[in-house]
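Heads up, the thing below is written out as structure tokens.
Derivation of every value follows stated rules applied to the coordinates shown; laboratory data play no part. Quick caveat, the model's predicted, so the values are computed rather than measured. Every residue, glycine as well, gets a Cβ built from its backbone with ideal geometry; the counts of neighbours run over all protein chains shown.
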Amino acid sequence: MLSKLEQTRQKYAGQHSAIDAFLDARQTLLVEYMKLAGLSAQRSKARSLPCCDAITGFCDLLVDYVSAGHFEIYDHVMHAYENAKGEQLELAQSIYPKLRACTDFALRFNDKYADAQEDELLSLDEDLNRLGPVLEERFRQEDQLVKALQLLEQLTAPTQ
């Protein structure tokens, strides 16, 4: 997921400050996800559950990220499409339900673990394993929105 993020960053960096900030937030979320899921040296060596504070911090990042996706990035894209017709608008409308499903999953994860105590963490690894593909799908859909936004702006840019 980090290599795909780097590809996206290389492709779209510097085009919109909102997108740059969003990609930075995605990177932070991914790094914390990898730590919790045991994909980093820290947790794989310890072979124990992460502390509750780390899980709470990750849940905060997760909610912030999915919220930004809906209330900043998606709204920004839809605003750009307000005057557009055709495929781009249909693309945005087809992606939104998929983003919504990912958001719902992330919010359920947050509800389960944001304030969890150690004895409530027995299914954390299993839920993290389910969350990974959900996040990956969300990133793929977000990238489609960003790509469509870029195409739309190229089509509507004033010619010189």
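Remarks
- A protection proxy built from the mean count of other Cβ atoms within 10 Å ranks the segments 135-142, 93-100, 112-119, most packed first, as 135-142, 93-100, 112-119.
- Once both labels are positioned 7 Å from their Cα atoms along Cα-to-Cβ, the gap between Asp53 and Ser17 label points is 3.3 nm.
- When the listed pairs Lys4/Lys147; Lys35/Lys112; Lys112/Lys147 are checked against a 26 Å cut-off, the alpha-carbon distance exceeds it for Lys112/Lys147.
- Stretching the chain fully between Asn129 and Gln7 yields a gain of 41.6 nm (0.36 nm per residue, less the alpha carbon separation).
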